[in-house]
Amino acid sequence: MIKLSDTGVYLLHGTEILTDPQAVRQKLGREVSRQEAEQGTMAWGILKAHNQGDDMQRLRLRFDSLTSHDITYVGIIQTARASGLTAFPMPYVLTNCHNSLCAVGGTINEDDHKFALSAARKYGGIYVPPNMAVIHSYNRERMAGCGRMILGSDSHTRYGAIGTMAVGEGGGELAKQLLGRTYDFARPQVIAVYLTGSPRPGVGPHDVALALCGAVYQNGYVKNKVMEFVGPGIHGLPMEYRNAIDVMTTETTCWSSIWVTDEKTEEYLTIHGRPEAYRPLAPAEVAWYDGCISVDLSSIDSMIALPMHPSRSVSIHELQQNAGDLLRETERLANEQLPATARMRLTDKVRADGSVWVDQGLIAGCSGGTFDNIVAAADILRGRSTGNGAFSMSVYPGSMPAYLALLRCGALADLAAAGVIIRECFCGPCFGAGDCPANGEFSIRHATRNFPNREGSRPGEGQMAAVALMDARSIAATAANGGRLTAATDLAGWQEPHLPYHYDQSVYDKRVFSGWGKAEPDAPLLFGPNIKDWPEMPALTEDLLVRVCSYITDPVTTTDELIPSGETSSYRSNPERLSEFALSRKDPGYVPRSKEVRAIERARRAGEALPADILAVYAALEKAGVPVQPNDTDIGSAIFANMPGDGSAREQAASCQRVMGGSANFARQYATKRYRSNCINWGMTPFLTDAPEAFSLGDHVFIPGLRKAILNGVTDLTAFAVHADGSVTPFAVSTGDLTQPEREILTDGCLINYYRR
């Protein structure tokens, strides 16, 4: 079904995979150097065109446009504004698809929207009103184009199928672009995704995407790399099919993606009124890839990703044949990560005949809410009923143009007649703020994630539901059976409908504010009472002392666990208030522990005497022969996690720790480049360590000479863990490679301080 190469490969003429350079020479009739072949990828050409320097190994990228939504844009604009922003230097799309349920949190969500509209006027941005489009649907329709690069503050910023290398990052990286700086990054490796064959009837894009996630997530095959989609299988895939696969590449932990473009890409851009955005993209005559994922599309089955990660994918048929064991193992893995107050229950969804029953189905957002997916679901449900029992189903179209097209072709009428609820253009089901199931229920969703709490659970209060990911077609087949889990490939004689899509630009013309290139510097910014400036963050002192305020032993820690999504999003514009939610679902004791440390540091900076426990730490260090200088030592909090930062690009996963007094993270590795960048941009040193057993929760860790080491490019240091009994354990830590700006950001205390200086 999916095969991973053990070595790098050459791709000849876009169709033939070879591993032997001698075979390449024989086929082409000439010698081909590795350097030439590396430059034959599509990724190389796009990165070179956007690199502001001459060194292709250390990239300094400027993007063509930026995009954010209403969980992230206030903090980004506030960061840039505090650092000297006068106008947006490139198109910046501000969408309102996350906090668009304006009844949640009083007026503060709509206050954020008014702030964004005023910022679009003042600085020259593009403002997409609430419920008009989800962030990625709008950018596909209006901003993506062949050979372009887009940077977004949402992790699913992926437009590779339209020929755009798009990157999801924390807000600090967008602030840099707004201030004329570059995105600095070592050139990533490129992995070929070689597609052959054609999907069977009933197999949708989510089936392909989930199979890919299952093949490459755990082994890190594409981590921080570019996935370059090539091969003859591409040309049989409709554009929305490609888009829906592409957006899920985020869940593989790759850095970006890019696809071969063709006449279907050209048609897509022409339909959307932008034929000039098309140009053919393909690898050169010969291209070198650092690995290859071979995907036979005809072998993909209807898939389901079991809780609590998109990579836990199995075929629906496999689950049906072995439901008890698979769901029991899923319960075990989930409950190991959940607090004792909540338990995931799945085995009770299996009936005596072995069938699996679910309680809810959703098709939503940038992955599920496309025209083609919803038309397919409507075709399956036409003339049928979802039933009047516990099972329910909702559909969220990705944009108002798609909504209008679905309305006019009758698909929405077919769905509504079957008992499906038609919702607005909203990202809520992907992050826990829409259609939250009841405690103990099992929801299947064509959405991007099924991380813990992504369905809106509150395990700390005993509320826990479960989410699995499936394609829209199998969700509709399940709905037609009243909630009995059903693979769409089992629908006898069903064929994919192919209705023409009629894009109506007028709905955007009437509602979207397009201020790019028309900044009004004298226009006022409109601040609601919940929109607050960032608090002052001190520069790094020579030495650092941190107390370990959370110690997480899970294999992977998601950004949702570091800062919960869902109801907390109403406070995204208020750094102090939002920080109260840091790790609240994963480790409720983190905030009070960190507050205690923060109070000590604030008192120290105010000239007050250090408390007895800190003096005891310094005494233990002196006794162990480690010199201390209390007057030049920051005191902060820190967390340890084996691999933190999987998932969302939201910088609040790091900034909330910093506002709460955080000074460092310790990890065996960081799940994504973007989370590590978020730590750096908020002034928290991202330490790596192979010896986390050297310290534990409540211990203090002292890192002498940290400021000097960072500024001088010294990466390997000795830290000292001070235990409750006064003993001291030295252990090795590393900052990892840091660019010169990153060193200065860390020592200045955060990105805002760096720009002020």
Taking the range 470-491 and keeping residues among the charged types (D, E, K, R) and in contact with a helix residue (DSSP H, G or I) (Cβ under 6 Å, 6 or more places away or on another chain) leaves ASP471, ARG473
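Among what's in the range 543-572 and is in a loop (DSSP other than H, G, I, E, B) and out of contact with any Leu (no Cβ under 7 Å at 6 or more places or on another chain), pick the residue that is modelled with the highest pLDDT.
THR553
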Please enumerate the residues belonging to the range 621-672 that are outside any loop (DSSP other than H, G, I, E, B) and at positive phi. GLY645
Filter the range 732-757 for residues that are among the acidic types (Asp, Glu) and under 25 Å from the mean Cα position of the chain (by Cα) and give the result. ASP737, GLU742
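Just to be sure, is ASP70 touching a Cys at 6+ places or on another chain (Cβ under 9 Å), farther than 30 Å from GLY231 by Cα and outside the structural domain of THR739 (by TED's automatic domain parsing)? Talk me through it step by step, then tell me what you get.
On the way: touching a Cys at 6+ places or on another chain (Cβ under 9 Å): yes; farther than 30 Å from GLY231 by Cα: yes; outside the structural domain of THR739 (by TED's automatic domain parsing): yes.
Criteria met by ASP70.
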Of all residues in the range 176-192, count the ones that are part of a loop (DSSP other than H, G, I, E, B) and of a type outside the set (A, V, I, L, M). 6
Going through the range 680-700 in order, the residues found to be crowded, with 24+ Cβ neighbours inside 10 Å and more than 31 Å from the chain's Cα centre (by Cα) are HIS700
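Looking at HIS136, HIS156 in this structure, which one is closer than 20 Å to THR72 by Cα, part of a loop (DSSP other than H, G, I, E, B) and at pLDDT 95 or above?
Numbers: HIS136 fails: part of a loop (DSSP other than H, G, I, E, B).
The match here is HIS156.
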Exactly one of GLU576, GLU601, GLU608 is touching a helix residue (DSSP H, G or I) at 6+ places or on another chain (Cβ under 8 Å) and among the charged types (D, E, K, R), and that residue is GLU576
Answer yes or no as to whether ILE614 is assigned by TED's automatic domain parsing to the domain that holds SER696, within 24 Å of ASP533 (Cβ to Cβ) and in contact (Cβ under 8 Å) with a residue 24 or more places away in the chain. no
Go through (1) surrounded by fewer than 17 Cβ atoms within 10 Å (Cβ to Cβ); (2) under 28 Å from PRO89 (Cβ atoms); (3) modelled with pLDDT of 95 or more one by one and return the number of the condition SER514 breaks. (1)
Matching residues, the range 487-520, being free of Cβ contacts under 8 Å to residues at least 60 places away in the same chain, within 20 Å of PRO130 (Cβ to Cβ) and not polar (S, T, N, Q): ASP509, LYS510
List the strands (runs of 3 or more DSSP E) inside the range 1-102, counting only whole elements, that have at least 3 residues being within 27 Å of the chain's Cα centre (by Cα) and surrounded by 15 or more Cβ atoms within 10 Å (Cβ to Cβ). 58-61, 65-68, 92-95
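Please determine whether any residue of the range 403-410 is of a type in the set (Phe, Trp, Tyr), modelled with pLDDT of 95 or more and farther than 15 Å from GLY482 by Cα. Please lay out each step first, then the result.
Here is the first cut: in the range 403-410, the residues of a type in the set (Phe, Trp, Tyr) are 403.
Still in the running and modelled with pLDDT of 95 or more: 403.
Those still in the list that are farther than 15 Å from GLY482 by Cα too: 403.
Yes, the range 403-410 contains a residue that is of a type in the set (Phe, Trp, Tyr), modelled with pLDDT of 95 or more and farther than 15 Å from GLY482 by Cα.
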Counting residues that are surrounded by fewer than 18 Cβ atoms within 10 Å (Cβ to Cβ), within 28 Å of the chain's Cα centre (by Cα) and without any contact (Cβ under 8 Å) to a residue 24 or more places away in the chain, which strands (runs of 3 or more DSSP E) fully inside the range 229-324 reach at least 2? none
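This table checks each residue for (1) farther than 28 Å from PHE185 by Cα; (2) at pLDDT below 95; (3) outside any loop (DSSP other than H, G, I, E, B); (4) touching a strand residue (DSSP E or B) at 6+ places or on another chain (Cβ under 9 Å).
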site: ASP690; (1), (2), (3), (4): no, no, no, yes
site: VAL701; (1), (2), (3), (4): yes, no, yes, yes
site: VAL714; (1), (2), (3), (4): no, no, no, no
site: PHE731; (1), (2), (3), (4): yes, no, yes, yes
site: PRO741; (1), (2), (3), (4): no, yes, yes, yes
site: LEU746; (1), (2), (3), (4): no, no, yes, yes
site: TYR754; (1), (2), (3), (4): no, yes, yes, no
Which residue pairs have Cβ atoms closer than 6 Å, lie 6 or more positions apart in sequence or on different chains, and pair a first residue in the range 629-641 that is of a type in the set (Ser, Thr, Tyr) with a second residue that is not in a helix (DSSP H, G or I)? THR633/THR541; THR633/ASP543; THR633/LEU545; SER637/ARG547; SER637/CYS549; SER637/GLY661; SER637/GLY662
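Check MET248, MET227 and return the single one that is touching a Cys at 6+ places or on another chain (Cβ under 6 Å), within 27 Å of GLU169 (Cβ to Cβ) and modelled with pLDDT of 95 or more.
MET227
Restricting to the range 194-226, name every residue that is closer than 23 Å to PRO555 by Cβ and of a type in the set (A, V, I, L, M). Can you show your working first?
Looking only at the range 194-226, we keep the residues that are closer than 23 Å to PRO555 by Cβ, and these are 209-225.
Across the range 194-226, the qualifying residues are ALA209, LEU210, ALA211, LEU212, ALA215, VAL216, VAL222.
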Would you be able to tell me the number of residues in the range 453-500 that are farther than 18 Å from LYS349 by Cβ, assigned to a loop (DSSP other than H, G, I, E, B) and among the acidic types (Asp, Glu)? 2
From the options ALA466, ALA477, residue that is buried (at least 16 other Cβ atoms within 10 Å of the Cβ), within 21 Å of the chain's Cα centre (by Cα) and among the hydrophobic types (A, V, I, L, M, F, W, C): ALA466
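Taking into account only those residues within the range 635-645 that are crowded, with 24+ Cβ neighbours inside 10 Å and not aliphatic (A, V, I, L, M), which is modelled with the lowest pLDDT? I'd like the intermediate steps shown before the answer.
So in the range 635-645, the residues crowded, with 24+ Cβ neighbours inside 10 Å come out as 635-641, 644-645.
Checking which are not aliphatic (A, V, I, L, M) leaves us with 636-637, 640, 644-645.
Values: GLY636: 97, SER637: 98, PHE640: 98, PRO644: 96, GLY645: 92.
Only one residue fits best here, namely GLY645.
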Tell me, yes or no, whether the range 340-349 has at least one residue that is aliphatic (A, V, I, L, M), modelled with pLDDT under 95 and not in a loop (DSSP other than H, G, I, E, B). no
Considering residues of the range 572-589 that are surrounded by 23 or more Cβ atoms within 10 Å (Cβ to Cβ) and of a type in the set (Ser, Thr, Tyr) only, the residue nearest to ILE108 (Cα to Cα): SER573
For the range 87-104, give me each residue that is over 23 Å from TYR159 (Cα atoms) and either assigned by TED's automatic domain parsing to the domain that holds GLN652 or modelled with pLDDT of 95 or more (or both). ALA87
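The values are calculated or read from the model by the stated rules, or taken from the named source; none is laboratory data. A quick note: this is a predicted structure, and the numbers were derived from the prediction, not measured. Neighbour counts are summed over all protein chains in view; Cβ atoms, including those assigned to glycine, are modelled from backbone coordinates with ideal geometry.
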